[in-house]
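What follows is one structure encoded as structure tokens, with my remarks underneath.
The values are calculated or read from the model by the stated rules, or taken from the named source; none is laboratory data. Everything numeric here is computed off the predicted structure, so don't read it as measured data. Neighbour counts are summed over all protein chains in view; Cβ atoms, including those assigned to glycine, are modelled from backbone coordinates with ideal geometry.
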Amino acid sequence: MKKAVVFLGVLFLFAACGKTDRSVNKTQAYTEKTAVYAEEAAGAGRAPGAGNGLHIDNTGKKIVKTASLEFEVRDLDSSLSRLGKLITEYEAYIQQENQFRQMGRLYYRLHVRVPEKHFADLIGDVLSGDDIRRLESKRVSARDVTEEYIDAESRLATKRQALERYRDLLDKAENVGDMIAVEENIRRLEEEIEAQEKRLEYLSRQVAMSEVRIEFYQSLPGTYVPDKPLGFGATFLRSLHKGWQGVVTVFFWIIRLWPLWLALILLRIVFRARKKEEE
């Protein structure tokens, strides 16, 4: 009887150990799979089209163009009217405008966004106007963001693939701990994907709509504008006010010399005391 009990106990122990090993192996495989997906999500710097049949078409160059123009015009209003027609003609829009006066000049500053295909034409037509008296400066620059754009697309595609695998892995999770870990990775990837999409949208807008900064001014004639004379009553009141201010100023100036007055008082007291002693 004792041998039978011992034999059953040994069988039960081996069965429990086998079940534990299978559970550990299963959890380890699950963790390794999660780590693989995390590594794929992090390794987003791979070349486009590499691995898993991923292919991204990026044959065109991505160029961000900007220009800055500064010139003097004969009449500010007529120049504004001409520029407004050009902006409408070339499907552009004003992003920012500012008007100010400085050093005998009336300035107008425009930040214009124009479709890339009309970039050169708009600049040429702006500078060919008869209202321009003198060209002060012209600066045109082009920044190639093709590599940055392709890298962002590659990262986005890789993160999307990893996100789909995490979602598949979530359906296969068998305990709460695994579900929480996978959901945290899904949340993190969704945030990264959203940020990457916004970056791509920003680059696309910069490429599609070039920026042209236009600053022009009109020289104003130098005219002297005399001050308006004050009437008798206003002049009288202003004189009273200035006189009172003078009295107050002298009073505080006298108060400020209090060390001198104190020294004079002490000397007078000493002098009187000595005079009384001599008498």
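In contact (Cβ under 8 Å) with a residue 60 or more places away in the chain and among the basic types (Lys, Arg): is that true of Arg109 in this structure?
Details: in contact (Cβ under 8 Å) with a residue 60 or more places away in the chain: yes; among the basic types (Lys, Arg): yes.
It is true that Arg109 is in contact (Cβ under 8 Å) with a residue 60 or more places away in the chain and among the basic types (Lys, Arg).
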What is the one condition in (1) surrounded by 15 or more Cβ atoms within 10 Å (Cβ to Cβ); (2) touching a residue at least 12 places away in the same chain (Cβ under 8 Å) that Glu183 does not satisfy? (1)
So for segment 73-84 (the condition being surrounded by 14 or more Cβ atoms within 10 Å (Cβ to Cβ), in a strand (DSSP E or B) and modelled with pLDDT of 90 or more), does at least one residue qualify? yes
Can you give me the ranges of the helices (runs of 4 or more DSSP H) entirely in segment 169-279 with at least 2 residues that are among the acidic types (Asp, Glu) and closer than 30 Å to Arg143 by Cα? 176-208
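Quick check, is Leu169 of a type in the set (A, V, I, L, M), surrounded by 12 or more Cβ atoms within 10 Å (Cβ to Cβ) and modelled with pLDDT of 90 or more?
Taking the combined requirement at face value, the residue does not satisfy it.
Go through segment 96-128 and report how many residues are more than 22 Å from the chain's Cα centre (by Cα) and within 17 Å of Val73 (Cα to Cα). Full working, then the answer.
The first filter runs over segment 96-128 and keeps only residues more than 22 Å from the chain's Cα centre (by Cα), leaving 99-108, 115-128.
Checking the rest, the ones that are also within 17 Å of Val73 (Cα to Cα) come to 99-108, 123-128.
So the answer is 16.
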Go through (1) farther than 30 Å from Glu153 by Cβ; (2) surrounded by 10 or more Cβ atoms within 10 Å (Cβ to Cβ); (3) at pLDDT 85 or above for Trp258 and report which single condition fails. (2)
Taking segment 198-221 and keeping only residues that are of a type in the set (D, E, K, R) and surrounded by 13 or more Cβ atoms within 10 Å (Cβ to Cβ), one is left with Arg199, Glu211, Arg213, Glu215
Members of segment 123-146 found to be of a type in the set (A, V, I, L, M, F, W, C) and more than 23 Å from Ser81 (Cα to Cα), listed by number: Val140, Ala142, Val145
Looking only at segment 91-128, count how many residues are of a type in the set (Gly, Ala, Ser) and either part of a helix (DSSP H, G or I) or surrounded by 13 or more Cβ atoms within 10 Å (Cβ to Cβ) (or both). 3
